[in-house]
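The values are calculated or read from the model by the stated rules, or taken from the named source; none is laboratory data. Keep in mind that what you see is a predicted model, and the values were worked out from it rather than measured. A quick note on method: Cβ atoms are made from the backbone with ideal geometry, for glycine too, and the neighbour counts reach across all protein chains shown.
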Amino acid sequence: MVGDTARRRALLVAGGVAFAVSAAWSATATGFTTLLVALVIGNPATGAFVSLAQATLMDLAPAERERNMARWTLAGSFGYVGGPVIVVVALWLGLGWRVPLLLLGVIALPLAVAARRLPGRAAHAAAFRESLGGTLRALRRSDVLRWIVLLEAADLLLDVFHGFLALYLVDDAHLDARWGAVGVGVWTGAGLAGDWLLLLVLRRFGGRRCLRASAVAALAVYPAFLLVGGVGPKLVLVAALGLLNSGWYAIPKAGLYEALPGESGAAIAAGGIGGLLGTAVTLVLGVLAGRVGLGPTMWVLVLAPVALLAGVPRRA
């Protein structure tokens, strides 16, 4: 909400500095309490630094929202794949896990300074009370709620699936723990490749058309993944899912920004509220898995492509 005021740039810079402090403090933490304080600082700092940077990117080129969100997601995928690799290399070199975190804090500082060059205010800067009212009004709009629901539904085959994947492969598919780790690696690597391919596809096709087509394909691939046996077929279908769900975050998020032109801060706030509801869904799925088993619970995730097919509008 504050992101739609004239203080956006100040928030960006302050968030970047706080993020750097949080990373450095985490790297030097000597116990649970100090680590907890560092993480408490880091969570809102990420919202101010990263989320407002995304909102500013959406404001700078409204006609390129889908492609810019695809670029944003691709950059995140590089971090998703590269982060664990960097930690593994640091451990292999005997540097420990603290050094990568300290480097992250050092890198964040020049990025925070660079944020001073971004626009100093939102596309249509408002007073805080006006911005708050705009956010509350947005949450009553059906088009905004549609994109929030689609974002959280798509996440069933994104972060939720990622969280369950290794456990499912080991406990339900009865594969070796090493294959569980390989499955997560294959899914993550395929997602990186898919995010890159999405940029090429968006040059010729609209994002919503891509979203619907990939949802149709996922409706066939995901049940096959659950039903098929053997390491090879499972990994092939995991890779296919990693490719197919590319754009399932970028395109609905671009749609949310499109529904609130000039109110990108409100879009961030509304999406954050939806994320809290999504966390509750994950908790419910965890409880369900404990009651009926992970195998049956995994079938609930097929609601992701179903929701996309039912909810994605055919036209802007």
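For this structure, a couple of remarks:
- Every residue from region 252-270 that is hydrophobic (A, V, I, L, M, F, W, C) and over 13 Å from residue 146 (Cα atoms): 266, 268, 269
- Some residue of region 248-262 being of a type in the set (Asp, Glu) and more than 19 Å from the chain's Cα centre (by Cα): no
- Test: residue in region 220-240 that is under 21 Å from residue 151 (Cα atoms), of a type in the set (Gly, Ala, Ser) and crowded, with 16+ Cβ neighbours inside 10 Å: yes
- Residue within region 27-50 that is surrounded by fewer than 20 Cβ atoms within 10 Å (Cβ to Cβ), under 30 Å from residue 197 (Cα atoms) and of a type outside the set (Ser, Thr, Tyr) present: yes
- From the options 247, 229, 242, residue that is free of Cβ contacts under 8 Å to residues at least 60 places away in the same chain, under 29 Å from residue 294 (Cα atoms) and assigned to a loop (DSSP other than H, G, I, E, B): 229
- Condition check for residue 82: surrounded by fewer than 17 Cβ atoms within 10 Å (Cβ to Cβ), modelled with pLDDT under 85 and closer than 24 Å to residue 17 by Cβ: yes
- Matching residues, region 27-64, being polar (S, T, N, Q) and touching a residue at least 60 places away in the same chain (Cβ under 8 Å): 28, 51, 54, 56
- Residue in region 92-103 that is closer than 30 Å to residue 209 by Cβ and not aromatic (Phe, Trp, Tyr) present: no
- Complete set of residues in region 263-316 that are within 20 Å of the chain's Cα centre (by Cα), surrounded by 15 or more Cβ atoms within 10 Å (Cβ to Cβ) and over 30 Å from residue 238 (Cβ atoms): 264, 265, 266, 267, 268, 269, 270
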